[in-house]
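Peer 1: I am attaching a structure below and will ask some questions about it afterwards.
The values are calculated or read from the model by the stated rules, or taken from the named source; none is laboratory data. Just so it is clear, the structure is predicted and the values come from calculations on it, not from any experiment. Cβ: placed from backbone, ideal geometry, glycine included. Neighbour counts: every protein chain shown.
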Amino acid sequence: MDFNTRLISIESELTQEDLESLKFLCLDLVSSKKLLAIRSNLDLFKELQKNSLLDEDQYELLAELLYIIGQHSLLKHLGTDKWTMQNTLKRKRTVSLYRRMLFELYENISSEDLKTILFILNIPKKYEENKTFLEVLYYLEKNDQLSEDKLDVLEKAVAKVSPDLLRKIKDYSRIRDKEIQEARLQCEDEYDDKTPLSIEAQEVPSEDAEIVQHISETANEKGLMDENTEISMAELSLTEQPEIYSMDRKHRGYCLIINNSVFVKHVVRLGTEKDAAFLTNVFTWLGMDVEIRNELSAQEIRDCLTEFSKKDHTERDCFVCCILTHGKSRAILGTDDEVIPISEIIAYFSPKNCTTLAGKPKLFFIQACQYSSCAERGASPMPNDADVLVGMSAMDGHYSIRHSLKGTWYIQALCENLVKMVPKGEDILSILTKVNKDVSEKEYFMNGKISMKQMPQPSYTLLKKLVFPKPPTPFKSPGQQANDF
């Protein structure tokens, strides 16, 4: 496949939102006037080629851009992958640290935070309506209110809405100051080494000009991160490229959904049908053979688990089990209110009890309250065998929140992030980390006051990275709502 054909393949999978992100990241590399006139990703590639920033032998910048915007699955068209780029960018990068910091702010800002920032910045109405945060940042730069060393206006606005975003700006400033100081010292050493004894007839550049020149020449050759700084743009840890579970067998695997709503004693779990429908659509889209079982007693759940553990999974990549029901500490309930320990559920699929799943990933997503008396509480359920992941909707001893019309916080966040992050090549642990963040930021209000929050808890004994292959077609939403409640 020639290089232009590969570019067309990449372009076909990028969205308009991706284009705006790529244009913003290229503002320091291509004139803003030319970038504003670009209307397609292919046109952007052509512009990069005109500027000698992209060709068959020089595609590092495009790989870096795809990595930054999270389109990791497209890196294969350039003969690389997420893990290789993660290590490469610790040694050399083209997109400035400043530009990447701004992009991270954009990726992590909520619509409500953006409204507040627009109000604080007092941006003219004609610029304010229907603007993205990238457009706001561009406006600030254009009007000389924002630059690498002019962050006060942005800091004051961000400080009002998000300590986490403010910390990203502070981290960038600290790293930049450290780099400038290191460059200053290195320049002084080089100057001492190269300056002849007699300099009367020479024109010696100013110290500041030399520092600026040195930084521009070495910025892509040096790591810009403080070794004690923990921010995502650094990705500082030098790890070997991890092994990845094989996902290329004849079938992806079974996805069993156990959905209980009506119980003998407990209240009806209104809204659980939304969760079941969303899970069905998402895992079908991911290539799983989904089977749903409704209203099962404890014994019927055991029978169902036995049935699936006895199936032949030889030609299947993995197994997924989603259980939507009431629960208590380290256990779930059947419709007859009988308790089944989560450890028992996992044991049905141990290498001893299900030999054809040995060495393959087994995922359990449990949507159930884990509340109980203090005397009953213990450690959250941990798998005893390798290759297992248990995603709990709530930490042990706590409730799990469900909306009677929209479903549960946890399952909705899980499905939304699978849809968003699988096409970008993200592994399951990265996805569940994002699920944790999304759910933890939700708040349940009663009588105008926050009365309840929720924190999911995954535990795992996976030995490799688990990355679901990108589905051949985009996900078609069945209409689930993602709003807070």
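Peer 1: Could you please give the count of residues in the range 1-50 that are of a type in the set (Phe, Trp, Tyr) and more than 21 Å from Leu97 (Cβ to Cβ)? Don't jump to the end; show me each part of the working.
Peer 2: First, the residues of the range 1-50 that are of a type in the set (Phe, Trp, Tyr): 3, 24, 45.
Then keep just the ones that are more than 21 Å from Leu97 (Cβ to Cβ); that gives 3, 45.
Of the residues in the range 1-50, 2 are of a type in the set (Phe, Trp, Tyr) and more than 21 Å from Leu97 (Cβ to Cβ).
Peer 1: Test of understanding: among Ser31, Ser9, Ser52, which residue is of a type outside the set (A, V, I, L, M) and more than 28 Å from Lys142 (Cβ to Cβ)? Write out each step before concluding.
Peer 2: Values: Ser31 fails: more than 28 Å from Lys142 (Cβ to Cβ); Ser52 fails: more than 28 Å from Lys142 (Cβ to Cβ).
Going through Ser31, Ser9, Ser52 in turn, the sole match is Ser9.
Peer 1: Related question: Taking the condition modelled with pLDDT under 85 and either in contact with a Pro (Cβ under 6 Å, 6 or more places away or on another chain) or basic (Lys, Arg) (or both), does Arg176 pass? Give the steps one after another, and end with the answer.
Peer 2: Working: modelled with pLDDT under 85: yes; either in contact with a Pro (Cβ under 6 Å, 6 or more places away or on another chain) or basic (Lys, Arg) (or both): yes.
Here the answer is yes, as Arg176 does meet what is asked.
Peer 1: Output the residue which, of all residues in the range 32-51 that are modelled with pLDDT of 90 or more and among the small types (Gly, Ala, Ser), is surrounded by the fewest Cβ atoms within 10 Å (Cβ to Cβ).
Peer 2: Ala37
Peer 1: Would you pick out the residues in the range 415-448 that are under 19 Å from Cys322 (Cα atoms), without any contact (Cβ under 8 Å) to a residue 60 or more places away in the chain and in contact with a Phe, Trp or Tyr (Cβ under 8 Å, 6 or more places away or on another chain)?
Peer 2: Leu429, Val435, Val439
Peer 1: Which one of Asp248, Asp275 is part of a loop (DSSP other than H, G, I, E, B) and under 28 Å from the mean Cα position of the chain (by Cα)? Please lay out each step first, then the result.
Peer 2: Numbers: Asp275 fails: part of a loop (DSSP other than H, G, I, E, B).
Every option except Asp248 fails the conditions.
Peer 1: Just to check your reading of the model, which residue among Ile38, Ile109, Ile69 is over 24 Å from Leu165 (Cβ atoms) and out of contact with any Pro (no Cβ under 8 Å at 6 or more places or on another chain)? Reasoning before the result, please.
Peer 2: Details: Ile109 fails: over 24 Å from Leu165 (Cβ atoms); Ile69 fails: over 24 Å from Leu165 (Cβ atoms).
Selected residue: Ile38, the only one of Ile38, Ile109, Ile69 that is over 24 Å from Leu165 (Cβ atoms) and out of contact with any Pro (no Cβ under 8 Å at 6 or more places or on another chain).
Yes/no matrix, rows are residues, columns are (1) out of contact with any Cys (no Cβ under 8 Å at 6 or more places or on another chain); (2) over 29 Å from Phe468 (Cα atoms):
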position	(1), (2)
Leu27	yes, yes
Leu35	no, yes
Arg39	yes, yes
Ser52	yes, yes
Gln86	yes, no
Arg93	yes, no
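Peer 1: Under 7 Å between Cβ atoms, which residue pairs at least 6 apart in sequence (or on different chains) link something in the range 301-316 that is modelled with pLDDT of 95 or more with a partner that is buried (at least 18 other Cβ atoms within 10 Å of the Cβ) and part of a helix (DSSP H, G or I)?
Peer 2: Taking only residues 6 or more apart or on different chains, the pairs are Leu305/Ile345; His313/Leu357.
Peer 1: Here is a follow-up. Mind listing just one residue for me: the one in the range 442-485 that is surrounded by 13 or more Cβ atoms within 10 Å (Cβ to Cβ) and among the charged types (D, E, K, R) and, of those, modelled with the lowest pLDDT?
Peer 2: The qualifying residue modelled with the lowest pLDDT is Asp484.
Peer 1: Applying the selection to the range 16-41, what residues are in a helix (DSSP H, G or I) and either of a type in the set (Gly, Ala, Ser) or farther than 16 Å from Ile69 by Cβ (or both)?
Peer 2: In the first step, residues of the range 16-41 are kept if they are in a helix (DSSP H, G or I); the result is 16-25, 32-37, 41.
Across the range 16-41, the qualifying residues are Ser21, Ser32, Lys33, Lys34, Leu36, Ala37.
Peer 1: Identify, from the list Lys437, Lys424, the residue that is within 22 Å of Asp248 (Cα to Cα) and of a type in the set (D, E, K, R).
Peer 2: Working: Lys437 fails: within 22 Å of Asp248 (Cα to Cα).
Lys424 is the lone residue from the list that is within 22 Å of Asp248 (Cα to Cα) and of a type in the set (D, E, K, R).
Peer 1: Kindly establish whether Ile301 is over 25 Å from the mean Cα position of the chain (by Cα), of a type in the set (A, V, I, L, M) and buried (at least 19 other Cβ atoms within 10 Å of the Cβ).
Peer 2: Working: over 25 Å from the mean Cα position of the chain (by Cα): yes; of a type in the set (A, V, I, L, M): yes; buried (at least 19 other Cβ atoms within 10 Å of the Cβ): yes.
Judged against the criteria, Ile301 is a match.
Peer 1: Tell me which residues, restricted to the range 79-104, are at pLDDT 90 or above, over 19 Å from Glu56 (Cα atoms) and among the hydrophobic types (A, V, I, L, M, F, W, C).
Peer 2: Val95, Leu97, Met101, Leu102, Phe103 - these are the residues of the range 79-104 that are at pLDDT 90 or above, over 19 Å from Glu56 (Cα atoms) and among the hydrophobic types (A, V, I, L, M, F, W, C).
Peer 1: Only one of these conditions is not met by Met85: (1) without any contact (Cβ under 8 Å) to a residue 24 or more places away in the chain; (2) of a type in the set (A, V, I, L, M); (3) in the same structural domain as Asp152 (by TED's automatic domain parsing). Which number is it?
Peer 2: With respect to (1) without any contact (Cβ under 8 Å) to a residue 24 or more places away in the chain; (2) of a type in the set (A, V, I, L, M); (3) in the same structural domain as Asp152 (by TED's automatic domain parsing), Met85 is out only on (3).
Peer 1: Something else now. Testing Ser12 on (1) without any contact (Cβ under 8 Å) to a residue 12 or more places away in the chain; (2) in contact with a strand residue (DSSP E or B) (Cβ under 8 Å, 6 or more places away or on another chain), one condition comes back false. Which one is that?
Peer 2: (2)
Peer 1: Quick check on my filter: what residues within the range 130-147 are modelled with pLDDT under 90, part of a loop (DSSP other than H, G, I, E, B) and either under 28 Å from the mean Cα position of the chain (by Cα) or outside the structural domain of Ile109 (by TED's automatic domain parsing) (or both)?
Peer 2: Asn130, Lys131, Thr132 - these are the residues of the range 130-147 that are modelled with pLDDT under 90, part of a loop (DSSP other than H, G, I, E, B) and either under 28 Å from the mean Cα position of the chain (by Cα) or outside the structural domain of Ile109 (by TED's automatic domain parsing) (or both).
Peer 1: Is it the case that the range 52-75 has a residue that's surrounded by fewer than 17 Cβ atoms within 10 Å (Cβ to Cβ) and in a helix (DSSP H, G or I)?
Peer 2: The first filter runs over the range 52-75 and keeps only residues surrounded by fewer than 17 Cβ atoms within 10 Å (Cβ to Cβ), leaving 52, 55-58.
Checking which are in a helix (DSSP H, G or I) leaves us with none.
No: zero hits.
Peer 1: OK, next. Which members of the range 245-291 meet the condition of being surrounded by fewer than 21 Cβ atoms within 10 Å (Cβ to Cβ) and on the phi > 0 side of the Ramachandran plot?
Peer 2: Listed by number, the residues that qualify are Gly271, Gly287.
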